[in-house]
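To keep things clear, I will list the structure first and then write my remarks on it.
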Number of protein chains: 4
Amino acid sequence: MADLGFIGLGVMGGRMVKRLLDAGHSVTGYNRTKSKAQWLLDLGMRWAETPRAVAEASAITFSMIADTKALNAITQGVDGVLAGLSTGKIYVDMSTVSPAAIREIAQQAEAKGAQMLDAPVSGSAITLDEGKLSFMVAGKRETFEKVQPILLAIGPKATHVGANGLAAAMKVATNLSLAVQMLAFSEGILLAEKSGIPRATAAEVLFNSVMASPMVKYRGPFVLKMPDEALFDVNMMQKDLLLALEMGRQLDVPLPTTAVTNEMLTTARAMGFAEKDFAVIFEALARMAGIKTGVVE
Amino acid sequence: MADLGFIGLGVMGGRMVKRLLDAGHSVTGYNRTKSKAQWLLDLGMRWAETPRAVAEASAITFSMIADTKALNAITQGVDGVLAGLSTGKIYVDMSTVSPAAIREIAQQAEAKGAQMLDAPVSGSAITLDEGKLSFMVAGKRETFEKVQPILLAIGPKATHVGANGLAAAMKVATNLSLAVQMLAFSEGILLAEKSGIPRATAAEVLFNSVMASPMVKYRGPFVLKMPDEALFDVNMMQKDLLLALEMGRQLDVPLPTTAVTNEMLTTARAMGFAEKDFAVIFEALARMAGIKTGVVE
Amino acid sequence: MADLGFIGLGVMGGRMVKRLLDAGHSVTGYNRTKSKAQWLLDLGMRWAETPRAVAEASAITFSMIADTKALNAITQGVDGVLAGLSTGKIYVDMSTVSPAAIREIAQQAEAKGAQMLDAPVSGSAITLDEGKLSFMVAGKRETFEKVQPILLAIGPKATHVGANGLAAAMKVATNLSLAVQMLAFSEGILLAEKSGIPRATAAEVLFNSVMASPMVKYRGPFVLKMPDEALFDVNMMQKDLLLALEMGRQLDVPLPTTAVTNEMLTTARAMGFAEKDFAVIFEALARMAGIKTGVVE
Amino acid sequence: MADLGFIGLGVMGGRMVKRLLDAGHSVTGYNRTKSKAQWLLDLGMRWAETPRAVAEASAITFSMIADTKALNAITQGVDGVLAGLSTGKIYVDMSTVSPAAIREIAQQAEAKGAQMLDAPVSGSAITLDEGKLSFMVAGKRETFEKVQPILLAIGPKATHVGANGLAAAMKVATNLSLAVQMLAFSEGILLAEKSGIPRATAAEVLFNSVMASPMVKYRGPFVLKMPDEALFDVNMMQKDLLLALEMGRQLDVPLPTTAVTNEMLTTARAMGFAEKDFAVIFEALARMAGIKTGVVE
């Protein structure tokens, strides 16, 4: 069992640490708001006062944070992860951030004799709870092989996709399908509903059909009842689609469904749904179809 | 165990009869080409010389045929199913045909004291083999309840959606997602591939992600190797999208991803891929992205 | 000067007859509601009691009616145009109707020794008043050459495009641009307006720019004030886009902007604007952008 | 007649100076490559060695350059326009550059007691030659009123749209229509061509129809013969569409036709047409329709 570090103990990160502890690993954790980590301390996690202290105490340090800005905040400066890295240590970021930021931090880690991996996940807290979270991982293959057994304590599948930054790219290539699938699902539900099939019945049929991806299964029910808190909101999803569209332009890949879906996210935002789960794209389409669904006020 | 009839013993129908026989049912079958049914006769299926004879011999008669034209061919005329129906018998069509045709035949069946259900399926022969085929069923609820146990011998889920014709509508609402998901999947694969991730690796990551619907899992590998025979070809998929778009206009439901995907199917057809599995939409998009993938000549 | 006949004396037809009379032609007219033609009778037009009587009295008979159904009503039966045609006579339909209907009537006309042309127009009553109406004409070239001088009394340009039915096809290929241009214009106006430029100022700039087609110039002002009566309503425009999309599928031509615009017309209809001028697509887009423009109640 | 300055004497700028000289103005010019300005010197234009020297010699200095980077190059530093501005002088930039860059330079100009206008144009060299170029102008109204008579020596229409930067925004809102109109025009041409109408005939009909904007009239013929040199290439047009899409997201304006057209420009670029006039979108669509048009090799 390894000495592990973990920075960012929110909805996703906290659950991951729980799994690592359950698997018998020793974990040193840090979170901006310590009180949110109390349940993990009760389970045996050790506390460190800074990201640097986490890295100093650990052979492998993980992070799971909100965005590129937060990544810079925890890695740079005297209290940052980089200051705590030294020869042989490994740093694994699981967040969805820009490939360019990843590449820069990976170089900084190597300058200290350490190695970095970018290892974003596919799935939500629901997926994680079901034990089905998958990882796409980028960086040196030998580093990947060292970290892989630990990732498998969190979720069943980790795939090495290439050099640093490519996992971030792969994540973007994955996420575009989530938004598009949700919009196509909404088109189907509205067609059925306006035909005279109750919405819940139509949803049940789709959940049992071959179009029912895990995402459709956990997010689809939101068309019947929107969650109080977004799993992934319109702003966050649009951020990912913009990364996809930017990549598409740089790499000369036309993205017809992504482009159309992105405009629907803009529509959702214009209707005031920026911070709702992106399943609210259903409500936006319903209003275009002349009805209000009742799932948002 | 019931006396069942089955008309249309092709790739889907044949496998269904096998399951019904395995479940202990007695089945009388008919197929245009008798030789294709020999394996079922070897398994104990009885033969009838006409659709009418099937219906006469059976309490419940099923059919699984290609399209609305074939449906008319097996139901009408002196040798048709309708001529063999009488009070208390049930006729269940599982094909994907027009709601209007369903409604007309249902009325003709009722005029003879019989009942009809439309019960299209979600899934392919692969889904059926995995024991995961689902049914959407329309017609009288009491009739549905009589037939449901038999459908569950074929696949694990049958959902009653309403009056005759609505299952056909629900099928269209389901199928639009298949085409859209395949196109979004292709966008992701091409983004990853042009980023530098091998196509097979990108596909593996997506198959393990939350966007991997059963359809993506069985059709996605076609971007690595197209099948010799289409599971569902571009022409057939476009026929379903046209039904969706027509419903959208009649019911005032905008269908942004369906409309865009339909144009890509037109593109695929214009490139000569009309009779390829609709996964070939990947090749069409790849050519728009300036590359040939090598999966079709 | 020729003996001309004219069937359908509405907004467009009536103005056309006025121009023919002004040019010195003798015109015999017929309209379902005679009272609407009084002003033309006052100007010297003769009256006939049936379409057949018009054709009998005229060397060249024109018609300008609503749709394919109306075309059949005026051409078929004992009182129809066809019954009045004989060797050497010419029948010219200027309506926007299906190419198939045109081809059938053209054959019927030829069977009587007569010739037919399809000659749909580009433009509205406003274009006609400005003396800028153009014609696309199909049928035998020699017939076209006989009729051309008369068409030029109505508008400045008549182009022969090929065999019967092709002018109807060309009309569809023209009209798709009208809807698409109106939507792109609306996108520009809304971008400008939300940037802080007054809508009327933005419109003025666009009217003076190189994107200002004649259609944009006469329909664009509707984003400031919708007309009481539609020049061309959402239903009519969508009928034309459907013809375009159908042609696209038959001929394997992908139509990305047409498909997307068609869904916006569906959106407009779902919002209750089916019978508004299709400029109301601006209001539909504005609502998707979270604002009400005030141009419709 | 005023003492004017002009920086950037290329295809557009050179023609503008010619018009200003023809109108009797005195003009001092600067161009990175002096030899290209010889014809204007022959017509009486004075030469200055730096942008600063132009501004020092002139009451009103104009610039017409490629992009934001070039704008910074001519305005900043010891030899830049700003160094030559002083109380009462006016600087007018006519390029298509970012609104943010405009606002910053306008502030720098005001700090020196001068005023700035952004005054981008609608139209190409062809439009300019026809005397039909229009301006959208932003900045203080009183400054606009001083400059307006001079702009009218170049083109017939100048519209004041608001504060600095808004003319740049208006330009973007205008240009999106150019790309969308060209794609819709291509859809119409291909529908007609595949119906059996010769392409040149179809184009002639469209040029005489109400969809024929000035842009369609001068760029449309490129579908018959592509120009040796692009009027405005795919890269430049896509740069403008990206500005539009970015504004759309910031202002919450869905842009369905812009988004779809942008993906077609990506397609054109992927096919190797990045530096062709954006009319080449016709060829890209034609290839999607399974044909090669012969207008590009």
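Rounded to the nearest 0.05, the FRET efficiency derived from the C-beta distance between B:Glu275 and C:Gln38 at R0 = 56 Å is 0.40. Partner shielding of A:118-127 amounts to 2, given as the average count of beta-carbon atoms from other chains within 10 Å of each residue beta-carbon. Whole number in Å², please: accessible area per residue of the stretch B:36-89, 1.4 Å probe, ligands, DNA and RNA not counted. Averaged over the residues of the stretch B:36-89, the accessible area is 48 Å². Each copy carries C:Gly196; placing its label point 7 Å along the C-beta direction from Cα gives inter-copy distances of 4.3, 5.5, 5.8 nm, listed from smallest up.
Sorted from nearest, the other copies put their B:Val78 label points 4.2, 10.2, 10.8 nm away, the label point being 7 Å from Cα in the direction of Cβ.
Quick one: angle between helix A:11-22 and the longest Cα principal axis of chain A, in degrees between 0 and 90, rounded to 10, please. Around 50 degrees separate the two axes. Listed by chain and number, the lysines placed with their C-alpha closer than 21 angstrom to that of B:Lys18 are B:Lys34, B:Lys36, B:Lys132, B:Lys146, B:Lys157; residues fewer than eight positions away on the same chain are left out. Straight-line cross-link reach from D:Lys217 at under 12 Å between alpha-carbon atoms covers these aspartates and glutamates, not counting any fewer than eight positions away in the same chain: D:Glu204. In nanometres and ascending order, the distances from the C:Ser35 label point to those of the other copies are 7.5, 8.0, 8.0 (point 7 Å from Cα along Cα→Cβ). Model label points for D:Lys239 and A:Arg46, set 7 angstrom from Cα along the Cα-to-Cβ axis, are 5.6 nm apart.
Nearest to the axis that brings chain D onto chain A is this chain D residue, judged by its Cβ, with the distance in whole Å: D:Ala259, 2. Taking only the C-alpha atoms of the stretch C:143-213, the Rg (one decimal) and the largest Cα-Cα distance, Dmax (whole number), read 18.3, 56 Å.
Averaged over peptide B:197-206, the number of partner chain Cβ atoms lying within 10 Å of each residue's Cβ comes to 6.
Counting every Cα pair in the stretch B:234-297, what percent are over 20 Å apart? Walk me through the numbers before you get to the answer.
Details: 600 of 2016 pairs.
Summing the P(r) tail past 20 Å for the stretch B:234-297 gives 30 percent.
Counting only heavy atoms of the protein chains and using a 1.4 Å probe, D:Arg287 has close to 60 Å² of accessible surface. Taking label positions 7 Å along the Cα-Cβ direction at both D:Ile291 and C:Val11, the computed distance is 3.4 nm, reported to one decimal.
Separation of the stretch B:210-230 from the stretch D:5-51 is 62 Å, based on Cα centroids.
Each helix, a run of at least 4 DSSP H residues, gives -39500 (n - 2.57); summed and divided by the residues of the protein assembly as shown, these come to -15500 deg cm²/dmol at 222 nm. Working note: Cα atoms of the stretch D:1-42, range along each principal axis, descending, whole Å: 27, 18, 14.
Taking each residue in C:147-159, count the Cβ atoms of any other chain within 10 Å of its Cβ, then average. What number comes out? The partial results should precede the final answer.
On the way: counts 0, 0, 0, 0, 0, 0, 0, 0, 1, 1, 5, 2, 9.
Rounded to a whole number, the mean comes out at 1.
With equal scatterers on the alpha carbons only and no solvent term, can you work out the Debye log10 of I(q)/I(0) for the stretch D:147-277 at 0.18 1/Å? For the stretch D:147-277 at q = 0.18 Å⁻¹, log10 I(q)/I(0) is -1.12. Restriction of the GluC sites (Glu not before Pro) in the stretch B:182-261 to DSSP coil positions whose beta-carbon has at most 12 other beta-carbons within 10 angstrom yields B:Glu229. The calculated P(r) of chain C, using every Cα pair and 5 Å bins from 0, goes 1, 5, 12, 15, 16, 15, 12, 9, 7, 4, 2, 1, 0, 0 in percent.
Can you tell me the FRET efficiency between A:Ala73 and A:Ala100 if r is taken as the Cβ-Cβ distance and R0 is 25 Å, rounded to the nearest 0.05? All intermediate terms of the calculation are to be shown ahead of the outcome.
On the way: r = 17 Å, r/R0 = 0.67.
Plugging the Cβ-Cβ distance into 1/(1 + (r/R0)^6) gives 0.90.
Remark on the stretch B:281-297: accessible area falls by at least 50 square angstrom from chain-alone to full-complex state for B:Met288, probe 1.4 angstrom. Taking a ≥ b ≥ c as the square roots of the eigenvalues of the Cα gyration tensor, the protein assembly as shown is classed as oblate, since a/c reaches at least 1.5 and a/b does not exceed b/c. With no solvent and one point per C-alpha, what does the Debye sum give as log10 I(q)/I(0) for the stretch A:32-105 at q = 0.16 Å⁻¹? Log-scaled intensity ratios, in q order: -0.59.
Accessible area per residue for the stretch A:194-289 is 29 Å², calculated with a 1.4 Å probe on protein heavy atoms, without ligands, DNA or RNA.
Looking only at Cα atoms, what is the convex hull volume of the stretch A:86-186 per residue, in Å³?
Details: hull volume 9.3 nm³, N = 101.
Residue-normalised Cα hull volume stands at 92 Å³.
Nearest 100 Å², what total accessible surface is buried between chain D and chain C (probe 1.4 Å)?
Details: alone 13550 and 13570 Å², together 22080 Å².
Accessible area lost upon association: around 5000 Å².
The values are calculated or read from the model by the stated rules, or taken from the named source; none is laboratory data. Everything quoted here is computed from the prediction, not taken from an experiment. Glycine gets a Cβ as well: all are built from the backbone with ideal geometry, and neighbour counts include every protein chain shown. The protein model used for the area step is the full one, side chains on, heavy atoms only, and it has no ligands, DNA or RNA in it. Shrake-Rupley method; radii C 1.70, N 1.55, O 1.52, S 1.80 Å.
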